[in-house]
Amino acid sequence: QMCGVKRVVQVVNMKSLALTLIAGLMAVTTPSNAQSNNPYGVAIRVNDRVVTNFEVNQRVLLLQAFGTTGDLPKTAKEQLVEDRLRLQAAASAGLQVTEEEIEAGVDEFAGRANLTGEQLYQFVAQRGAAKESMQDFVRAGLLWRNLVQARFGARASVSEDEIDTTLNLISGQAQQSILFS
């Protein structure tokens with residue numbers, strides 16, 4: 001009878017151990033699965049900031065709307081990491097953009113495709129991307145452009161004499177044409 005009790009205790013201990021192991025594995029694997037399935041879960045960490053799965057999906061939709069080809073999820077993640085770094089650099093330089101500047105940036109971007117800003121918003125919305133995703137895309141670009149101009153703008157000034165010299169060189173060059181018959 002003592003043997004039977006030992007055996008029952010061993011079976012109970014084995015079941016308890018198995019349940020503990022299963023619970024431990026679930027604790028390790030569930031958060032990452034939950035994060036990847038959660039649209040607002042963390043997809044990427046960039047320093048002290050995060051990129052969510054939603055942002056990655058939205059960028060993929062924008063890239064599709066822009067006609068980008070290739071591995072769009074990979075491209076989206078790379079761009080969003082770059083955007084976070086650009087936003088951090090601009091913030092550390094004290095740069096900000098207003099809502100009006102963002103709208104002007106959207107209009108400028110849309111103008112490249114002979115659209116208005118509102119037409120661009122409609123175009124991307126028809127493809128599933130949110131207006132805010134388009135604005136975030138433009139915000140990062142504007143802040144980066146402003147940062148580059150602030151840091152290097154003075155070095156890139158061109159004088160009137162340099163422009164005239166270059167124009168004279170271009171206009172004085174003989175043009176050749178080659179006919180293939």
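The values are calculated or read from the model by the stated rules, or taken from the named source; none is laboratory data. Just so you know, these numbers come straight off a predicted model, no measurement behind them. Glycine gets a Cβ as well: all are built from the backbone with ideal geometry, and neighbour counts include every protein chain shown. What goes into the accessible areas is simple: the full protein's heavy atoms, side chains included, and nothing from ligands, DNA or RNA. Shrake-Rupley method; radii C 1.70, N 1.55, O 1.52, S 1.80 Å.
Each 10 Å bin, from zero up to the one with the longest distance, holds this percent of the alpha carbon pairs of the range 70-119: 23, 30, 43, 5. In this calculation the C-beta distance from GLU118 to GLN64 is compared with R0 = 25 Å, giving a FRET efficiency of 0.80.
Sorted largest first by accessible area at a 1.4 angstrom probe radius, with every protein chain in place, the residues PHE152, PHE54 fall in the order PHE152, PHE54. In this structure, ASN37 and ARG155 have a Cβ-Cβ separation that, at R0 = 41 Å, corresponds to a calculated FRET efficiency of about 0.25. Charging the Cβ of each Asp and Glu at -1 and of each Lys and Arg at +1, and nothing else, the dipole of the range 99-165 about its Cα centre rounds to 440 debye.
If a spin label sat at a point 7 angstrom from the Cα of ARG45 along the line to its beta carbon, the backbone N atoms of the range 72-93 nearer than 19 Å would be those of 77-78, 80-86, 88. On the basis of the beta-carbon distance and an R0 of 45 Å, GLU108 and LEU169 show a calculated FRET efficiency of 0.90.
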